[in-house]
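Engineer: Below you will find the structure I want to go over with you.
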Amino acid sequence: EAQVTQNPRYLITVTGKKLTVTCSQNMNHEYMSWYRQDPGLGLRQIYYSMNVEVTDKGDVPEGYKVSRKEKRNFPLILESPSPNQTSLYFCASRPGWSYEQYFGPGTRLTVT
Amino acid sequence: QKEVEQNSGPLSVPEGAIASLNCTYSDRVSQSFFWYRQYSGKSPELIMSIYSNGDKEDGRFTAQLNKASQYVSLLIRDSQPSDSATYLCAVNIRGFGNEKLTFGTGTRLTIIP
């Protein structure tokens, strides 16, 4: 089954404790993105990657890191999480030739 | 001006009626337009894509695009309670060094039994 997977689905952590949210897709898509979704603000792009080893900042990159060492994986790293990073996070992917984007199931992160 | 703008709602529609959702966008050269449905706490699900002016029908859903007016809409016929969700409009928008899919903040639709 074609899909985007994320882990963990739920995470509660404390300020400053480094964490990684994994994202994997099995559709051989070139383009992958991370979004956060907050009430009233909609989906905001954090980082994106156009292919292996090619990443760039989205609209709200502060406090986040990403890497793209393999085409299928695009982990999101929070080196020192803060409470304002409490949010619902989505990973998404699409082929390089289309803007049709497919989302993972989401990760609900709470930072206390 | 927001790049992709939607009325946040809530929009309440009786069961069996037509629900009409609207979206305007800022980039005159946008070519790709999408509607996503998102249930509370779930991920956005792609339900319609449209690339040319006019109407595109898929089951009970019709997407309408008017590039001259920079306007895209979604009609849901014979609305069902299961259609109650937030609908996100998405458009490819040119930015600084990056052309990306930009989302509106969504319209919350409630179907009243």
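Since every read-out is calculated from the coordinates, none of them should be taken as a lab result. This one's a predicted model, so the numbers in the text were calculated from it and none came from an experiment. Because the Cβ atoms are built from the backbone with ideal geometry, glycine has one as well, and the counts that use them run over all protein chains shown.
Engineer: I'd like the full set of residues that are polar (S, T, N, Q), in contact with a Phe, Trp or Tyr (Cβ under 6 Å, 6 or more places away or on another chain) and over 19 Å from A:Pro83 (Cα atoms), limited to the stretch A:11-48.
Structural biologist: Result: A:Ser33, single match.
Engineer: Would you mind telling me which numbered condition in (1) closer than 20 Å to B:Asn7 by Cα; (2) more than 11 Å from every other protein chain (Cβ to nearest Cβ) B:Gly104 fails?
Structural biologist: (2)
Engineer: From (1) touching a Lys or Arg at 6+ places or on another chain (Cβ under 8 Å); (2) surrounded by fewer than 17 Cβ atoms within 10 Å (Cβ to Cβ); (3) over 16 Å from A:Gly104 (Cα atoms), pick out the condition that doesn't hold for A:Gly58.
Structural biologist: So A:Gly58 meets the others, but not (2).
Engineer: Could I ask something else about it? Which members of the stretch A:80-112 meet the condition of being within 12 Å of another protein chain (Cβ to nearest Cβ), free of Cβ contacts under 8 Å to residues at least 60 places away in the same chain and not in a loop (DSSP other than H, G, I, E, B)?
Structural biologist: If the condition is that a residue be within 12 Å of another protein chain (Cβ to nearest Cβ), free of Cβ contacts under 8 Å to residues at least 60 places away in the same chain and not in a loop (DSSP other than H, G, I, E, B), then A:Leu88 is the only one that fits.
Engineer: Does any residue of the stretch A:36-51 turn out to be within 15 Å of the chain's Cα centre (by Cα), within 11 Å of chain B (Cβ to nearest Cβ), basic (Lys, Arg) and crowded, with 16+ Cβ neighbours inside 10 Å?
Structural biologist: The answer is yes; a qualifying residue exists.
Engineer: Could you list all residues from the stretch B:34-82 that are among the aliphatic types (A, V, I, L, M) and in a strand (DSSP E or B)?
Structural biologist: B:Leu46, B:Ile47, B:Met48, B:Ile50, B:Ala63, B:Leu65, B:Val72, B:Leu74, B:Leu75, B:Ile76
Engineer: In the stretch B:35-53, what count of residues is obtained for those that are away from chain A (no Cβ under 11 Å) and among the basic types (Lys, Arg)?
Structural biologist: Result for the stretch B:35-53: 1.
Engineer: Being more than 12 Å from the chain's Cα centre (by Cα) and either under 15 Å from A:Arg44 (Cβ atoms) or crowded, with 16+ Cβ neighbours inside 10 Å (or both) is the filter here, so list the residues in the stretch A:61-70 that pass it.
Structural biologist: A:Glu62, A:Gly63
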